[in-house]
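The values are calculated or read from the model by the stated rules, or taken from the named source; none is laboratory data. This is a predicted model, so every value here is computed, not measured. All Cβ positions, even for glycine, are placed from backbone atoms using ideal geometry, and neighbour counts span all protein chains on display.
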Amino acid sequence: ETSTEGHDEL
Amino acid sequence: MNLFRFLGDTAHLASILVLIHKMHTTKSCRGISFKTQALYVAVFVTRYLDLFYRWVSLYNFFMKLFFIGSSCYILFLMKTKFRPTQDPAIDTFRIEYLLGPCTVIALIFNYKFSPTEILWSFSIFLESVAILPQLFLLQRTGEAETITTHYLAALGIYRALYIPNWIYRYFTEGVVDPIAITAGLVQTGLYIDFFYVYVTKVLQGQKFELPA
């Protein structure tokens, strides 16, 4: 899965 | 959130506090690249635009505010109080060579062709190379104050800890972020030479000096 929505890392 | 990421963020936070501490105690920003610091402001501002439209967590919110605020504060100190101690003549890395390619790469590699996603990608790519003017300055002077090397070491540790964080996230959450991982590996790689000298010299109580 690629995180395309919402970047939760700083 | 996992331990690696938390410790990484803590190291990042610590690095900034070390830098501010260095400037206040030595009353100087000697050996610090203004260009690198300015690039970090650009990195944080372009990445954290989501402060305006997305809530992640209280932790996330305050860390973002801290990174934007502290990086602007560092620029402010370098341009006002400690301006006389800054030497633009040795901070000569051409940042156009970083900004240009990062813009192009962000336009090609992004998760969605939208302004905020392109800026997010841009900030990730720019962060990966933003330390170059600082390392270039270090290379030119050939030496560094010990406190400056602690700053760089903390930054390097922050980047290094993000690698186990991604491995952990892959196995526990199935999350893979190819843009962040690729840029992160490049960024961590840039610190390898520095770390070699840091471990073999500074941690042994010697001055940071590059071999002639």
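General remarks:
- Enumeration of residues in region B:54-69 that are under 20 Å from residue B:41 (Cα atoms) and either at pLDDT below 95 or polar (S, T, N, Q) (or both): B:60
- Pairs linking a residue in region B:49-67 that is within 11 Å of chain A (Cβ to nearest Cβ) to a residue that is assigned to a loop (DSSP other than H, G, I, E, B) and among the charged types (D, E, K, R), with Cβ atoms under 7 Å and 6 or more positions apart or on different chains, are B:56/A:8; B:60/A:8.
- When region B:1-37 is filtered for residues that are farther than 18 Å from residue B:156 by Cβ and crowded, with 19+ Cβ neighbours inside 10 Å, the ones remaining, listed by number, are B:23, B:29, B:34, B:35.
- The helices (runs of 4 or more DSSP H) found entirely in region B:101-212 that carry 3 or more residues being buried (at least 21 other Cβ atoms within 10 Å of the Cβ) are B:115-129, B:132-141, B:146-173, B:178-190.
- The one condition from (1) out of contact with any Ser or Thr (no Cβ under 9 Å at 6 or more places or on another chain); (2) surrounded by fewer than 17 Cβ atoms within 10 Å (Cβ to Cβ); (3) touching a residue at least 12 places away in the same chain (Cβ under 8 Å); (4) among the hydrophobic types (A, V, I, L, M, F, W, C) that residue B:90 does not meet is (1).
- Count - residues of region B:146-161 that are in contact with a Gly (Cβ under 6 Å, 6 or more places away or on another chain) and farther than 11 Å from residue B:12 by Cα: 1
- Residue count, region B:156-203 (criterion: in contact with a His (Cβ under 7 Å, 6 or more places away or on another chain) and more than 12 Å from chain A (Cβ to nearest Cβ)): 0
- Which listed residue is of a type outside the set (A, V, I, L, M), within 15 Å of residue B:180 (Cβ to Cβ) and within 14 Å of another protein chain (Cβ to nearest Cβ), from B:113, B:122: B:122
- Matching entry among B:78, B:63 (being out of contact with any strand residue (DSSP E or B) (no Cβ under 6 Å at 6 or more places or on another chain), over 22 Å from residue B:31 (Cα atoms) and part of a helix (DSSP H, G or I)): B:63
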